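Chemist: Below is a structure I'd like to ask you about.
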Number of protein chains: 4
Amino acid sequence: MNEAQTKHMFDNRYGTGQSTIDGILRATNLLIAGRNVVVAGYGWVGRGIAQRMAGHGAHVTIIEVDPVRALEAMMDGYQVMTVGQAASWGDLFVTATGNINVFRREHFEAMKDGAVMANSGHFDAELDLPALRAMAEGHERDVRPNVVEYEIGGKRLNLIAEGRLVNLGAAEGHPAAVMDMSFANQALSAEYVAKHYAELAPQVYNVPEAIDAEVARLKLASMGITLDPMTAQQLEYVTSWKHGT
Amino acid sequence: MNEAQTKHMFDNRYGTGQSTIDGILRATNLLIAGRNVVVAGYGWVGRGIAQRMAGHGAHVTIIEVDPVRALEAMMDGYQVMTVGQAASWGDLFVTATGNINVFRREHFEAMKDGAVMANSGHFDAELDLPALRAMAEGHERDVRPNVVEYEIGGKRLNLIAEGRLVNLGAAEGHPAAVMDMSFANQALSAEYVAKHYAELAPQVYNVPEAIDAEVARLKLASMGITLDPMTAQQLEYVTSWKHGT
Amino acid sequence: MNEAQTKHMFDNRYGTGQSTIDGILRATNLLIAGRNVVVAGYGWVGRGIAQRMAGHGAHVTIIEVDPVRALEAMMDGYQVMTVGQAASWGDLFVTATGNINVFRREHFEAMKDGAVMANSGHFDAELDLPALRAMAEGHERDVRPNVVEYEIGGKRLNLIAEGRLVNLGAAEGHPAAVMDMSFANQALSAEYVAKHYAELAPQVYNVPEAIDAEVARLKLASMGITLDPMTAQQLEYVTSWKHGT
Amino acid sequence: MNEAQTKHMFDNRYGTGQSTIDGILRATNLLIAGRNVVVAGYGWVGRGIAQRMAGHGAHVTIIEVDPVRALEAMMDGYQVMTVGQAASWGDLFVTATGNINVFRREHFEAMKDGAVMANSGHFDAELDLPALRAMAEGHERDVRPNVVEYEIGGKRLNLIAEGRLVNLGAAEGHPAAVMDMSFANQALSAEYVAKHYAELAPQVYNVPEAIDAEVARLKLASMGITLDPMTAQQLEYVTSWKHGT
């Protein structure tokens, strides 16, 4: 199900992009314009967040381990830094790598007083929170709902929603307008299985492409958009070009 | 005070732009991407909202009565429509004109089922709410905190924060990062009056340009930014060019 | 070779996006800001063009036959229309579909006086030029280098570079900064074949992922960018998550 | 005439923004995406250039002496640096300050091998060209039409169009779509003087606001856009609010 384009592409890029910002604003009421924002990870979620942050006037830096993605980020107009370089540069840090311990003890040490951290990856392990808490030695306090301040050697670092998913912890998760497509995929896929189970082997299948396309078509129709079908001539051209001599 | 650049330009454009979106997201959890958003008014507030909405992937249309501003909106990549054209096109309407009754009975009649309205101008008079309420004939209900749904002939129109300022009614107003400049302007201006009152006639003065510049300089310094002074040669060039032969 | 990410993603999106604009500007000196621009096709080339056109202040409309791509275009902030709707709306038309006869007789008839057409897909068949020429009945003339005006019933339609690739016909093709990666892919792939031919069956292979990554890494290094390697712990986490229980 | 909004705002921001890019692309065929671009000056011209460069995927840094403008640039998402910081960071430098010797001997010394310089301010004095030529000691050569390479201690610096206005020197100046408004202002102002000369004292007048508005209205009409007039009630509200009690 997660491979369906109308699921991962829309949920992760458009849904999480917006709801991450929403969670951060609700938790902090921070002005994004002019702020140095570090986004760790340039997958669908990371690029959704980066795009919305830039749309709010932030200066965005991407952290990536994959060189092709890092290059893409550069070409998309973002800066690219190592974790070490970004740590002392950023005002706001958002993780979306799907990996663990992206920011660690040495990075917390390098961060500015007042820095803010949030996570939009899938677990609360993207920030090394045991290290952060050990460094604070109990100097922590709630400064706003969903924001805990850790004091480390006179410097204050702020953590949103305990490092859990910020769009769930501090906002309302995905808007209905992206969840509808996920649910439509699930319903139509269940119907597909009910109809075709006799032909299916017991293994994991992706959502059939036709269902993906149908969900997108229905969504467009709900927005008042209709598409041209290909002409017979175009269909023949594309088909012969793809499969042809 | 409202003429100070570090007040109106930053408060209205950057502060209100963000906090209007923030208020709308908190109230509705609506996905902005792909949505038809109508912004009435292309002053500092309106262009701040338009820019942030576009940054979230919205399709933005501007309503303006001033042709120079309307043309600027066109050149900035937005569509420009009359109120009548926009009424049936929009999914989300935000007013920021400083004028009254921008959307009226005939526009409410033309709006789509599910349309959402919010105000970010200075009073709750930008939408003709008495007309809206009269049309609903008591068919109104709270659908979310800060959102009232009016049913008009089987169609539902949603109003955020009773048409009052959406960034105050449904969010937290301006972030501290823009208020600090407003307060700095006020404090430094009070100091200025205290020092110079003997030379000042009893009339309204704008904030002296030097205070405006000092507030901006201090703000930049807090962000780690220093500026070059002009060289002696540049200063002479600019001065002689401005005042010269 | 065309499947290598450092080839198709960068050439098509970043290279063609820019060089298409470049070709159109050289040919027409048209102001893009405020202009209604129709981009046919939302593949890598089409989205590169759309993004650069929007970056110049254009109003961009996408034509697509694929509903998933069309929906993506909507969410990216563009309008989506049928060919018929776009024909009378657009000031400037750019094709990038890889298909034939996207704009046909009925669309030329609907276009505005002064409309401009260019092609950035792979052949000069995306516009039905035989139909266009038949409709003009010999009323055609060179109005600028690389621009031919066809007069059709008192209306003038302009065609850039005879409908051939506009970035080659009216500009200089891809900038060196994207071609270097294509050539690097080719050179490293040739070296790979020379070293590994004994293990390779006689069939078409994609560029090995490691070469793609190496090209991106070298490109980043030339821009002064270095990336973090994963820590041992992160590598183990990712590996066990991907292949694990 | 230069104070007319439909002249300076549109010419300088939209016209020069685009034609500066156009000139640089024609001269160099440089890929802008991912490139470090330094724009000196954040007036109308500078912000037009910055916006179009960002729209092409550049990393944009602004140089300013005015703190209010510098702060605006920060909030608009650009980096702000001193000339010294920017010199070693940039790949491409564009001046638009209206001042002299923005980049001088010490900055040329700090620039990267292969750096490119262009001017879009009003004279060829924004770059200290006598210093540049003295440093090159005759090691200069034409590398492309409109591009001269200066070799300085083994490092090559490239200058477009001899430091003269790049949009005139290497492209075609303003597109017709912005010049039409300038000419309309001039024609209508001449008519105004012819009709009203008896009432006018011999001094410099700005273009009357009504002419500015009329030019914008005509331009919008040519784009198919009509605007709402204010309702009688709105007109009364605005008037009484502006002039009122």
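The values are calculated or read from the model by the stated rules, or taken from the named source; none is laboratory data. Quick caveat: nothing in here was measured; it's all calculated off a predicted structure. With ideal geometry, Cβ positions are generated from the backbone for all residues, glycine too; neighbour counts draw on all protein chains shown. Accessible surface is based on the protein model in full, side chains and every heavy atom, while ligands, DNA and RNA are left aside. Shrake-Rupley method; radii C 1.70, N 1.55, O 1.52, S 1.80 Å.
Chemist: For the rotation taking chain D to chain C, which residue of D has the Cβ nearest the axis, and how many Å away is it?
Modeler: Closest to the axis: D:55, 1.
Chemist: What residues of the stretch A:47-71 lose no less than 50 Å² of accessible area with every protein chain in place versus their chain by itself (probe 1.4 Å, heavy atoms only)?
Modeler: Output list: A:52, A:55, A:56, A:59, A:65, A:67, A:68, A:71.
Chemist: While we're here: Can you compute the equivalent ellipsoid semi-axes for the stretch D:5-169, i.e. the square root of 5 times each eigenvalue of the Cα gyration tensor, sorted largest first and rounded to whole Å?
Modeler: Details: eigenvalues 113, 57, 42 Å².
Sorted largest first and rounded, they come to 24, 17, 15 Å.
Chemist: With the label 7 angstrom out along Cα to Cβ, how close does residue A:233 come to the same site in each of the other copies, in nm, nearest first?
Modeler: 5.6, 6.4, 6.6
Chemist: Shifting gears a bit: Where in the stretch C:77-94 does accessible area fall by at least 30 Å² between the isolated chain and the complete protein assembly, at a 1.4 Å probe radius?
Modeler: C:77, C:79, C:80, C:82
Chemist: So what are the three principal axis dimensions of the stretch B:111-151 from its Cα atoms, in whole Å, longest to shortest?
Modeler: Taking max minus min along each principal axis of the Cα atoms, the stretch B:111-151 gives 27, 22, 19 Å.
Chemist: Then there is this: Only helical DSSP H runs with n ≥ 4 go in: add -39500 (n - 2.57) per run for the protein assembly as shown, normalise by residue count and round the 222 nm mean residue ellipticity to 500 deg cm²/dmol. Mind dumping the intermediate values first?
Modeler: Working: 44 runs with 440 residues, N = 980.
Value at 222 nm, helices only: -13000 deg cm²/dmol.
Chemist: Taking each label point as 7 Å beyond Cα in the direction of the beta carbon, state the distances from residue A:138 to the same residue in the other copies, shortest first, in nm.
Modeler: The answer, with the shortest distance listed first, is 6.3, 7.9, 9.9 nm.
Chemist: Once amide H atoms are built 1.01 Å from N in the peptide plane, which residues 5 or more positions from residue B:117, or in another chain, come under 5 Å H to H?
Modeler: B:93, B:158, B:159, B:160
Chemist: List the distances, in nm and shortest first, from the label point of residue A:112 to the matching label points in every other copy, placing each point 7 Å from Cα along the Cα-to-Cβ direction.
Modeler: Listed shortest first, these distances are 2.4, 4.0, 4.5 nm.
Chemist: Of the listed pairs A:7/B:112; B:7/D:7; A:155/B:219; A:112/D:112; C:7/C:219, which have alpha-carbon separations greater than 23 Å here? Could you put the intermediate results ahead of the total?
Modeler: Values: A:7/B:112 27 Å; B:7/D:7 27 Å; A:155/B:219 21 Å; A:112/D:112 30 Å; C:7/C:219 12 Å.
Cα-Cα > 23 Å for A:7/B:112; B:7/D:7; A:112/D:112; rest within.
Chemist: Between residue A:103 and residues 5 or more places away or on another chain, which pairs have amide H atoms under 5 Å apart, with H built 1.01 Å from N, and which residues are they?
Modeler: A:128
Chemist: Around residue C:103, under 12 Å between beta carbons, what's the net of Lys plus Arg minus Asp minus Glu among the other residues? Please report the intermediate quantities before stating the final value.
Modeler: Working: positive: C:104, C:105; negative: A:228, C:106, C:109, C:126, C:128.
Once all neighbours under 12 Å are counted, the net charge is -3.
Chemist: Report, in degrees rounded to the nearest 10, the 0 to 90 angle that the Cα long axis of helix D:44-55 makes with the longest principal axis of chain D.
Modeler: 70 degrees
Chemist: Under the classification rounded if a/c is under 1.5, otherwise prolate if a/b is larger than b/c and oblate if not, where does the protein assembly as shown fall, given a ≥ b ≥ c as square roots of the Cα gyration tensor eigenvalues? Can you show the working numbers first?
Modeler: Numbers: a/c = 1.13, a/b = 1.09, b/c = 1.04.
The shape class here is rounded.
Chemist: Also: Most mobile of C:229, C:208, C:67 per a Gaussian network model of chain C (Cα springs, under 10 Å)?
Modeler: C:229
Chemist: Once the Cα atoms of helix A:16-28 and of chain A are each reduced to a long axis, what angle between those two axes, in degrees from 0 to 90 to the nearest 10, is obtained?
Modeler: 30 degrees
Chemist: Another question about this same structure. Using a Gaussian network model on chain C with a 10 Å cutoff between Cα atoms, which of C:232, C:110, C:50 fluctuates the most?
Modeler: Among C:232, C:110, C:50, the largest mean-square fluctuation in the Gaussian network model of chain C belongs to C:232.
Chemist: Right, another one. According to a simple spin-label model (label point 7 Å from Cα along Cα-to-Cβ), what is the distance in nm between residue B:142 and residue C:221?
Modeler: Roughly 6.4 nm, to one decimal.
Chemist: Helix D:209-222 sits at what angle to the longest principal axis of chain D, using alpha carbons and giving 0 to 90 degrees rounded to 10?
Modeler: 80 degrees
Chemist: Additional query: Report the FRET efficiency, 1/(1 + (r/R0)^6), for residue B:205 and residue C:176, where r is their Cβ-Cβ distance and R0 is 51 Å, rounded to 0.05.
Modeler: Details: r = 57 Å, r/R0 = 1.13.
The calculated FRET efficiency here is 0.35.
Chemist: Quick one: how many Å² of residue C:189 are accessible to a 1.4 Å probe, rounded to 10?
Modeler: Surface open to solvent at residue C:189 totals about 20 Å².
Chemist: Have a look at C:66, C:91, C:11 and tell me which one the Gaussian network model of chain C (Cα, springs below 10 Å) gives the largest fluctuation.
Modeler: C:66
Chemist: Of all beta bridges DSSP finds with both residues in chain C, what is the antiparallel percent, to the nearest 5?
Modeler: Working: 10 of 29 bridges.
Here the antiparallel bridges make up roughly 35 percent for chain C.
Chemist: Related question: What do you get for Rg/Rh over the stretch B:18-67 if you use C-alpha atoms and the Kirkwood form of Rh? Don't skip to the answer; put the middle values down first.
Modeler: Numbers: Rg = 10.7 Å, Rh = 11.0 Å.
Radius of gyration over Kirkwood radius for the stretch B:18-67 works out to 0.97.
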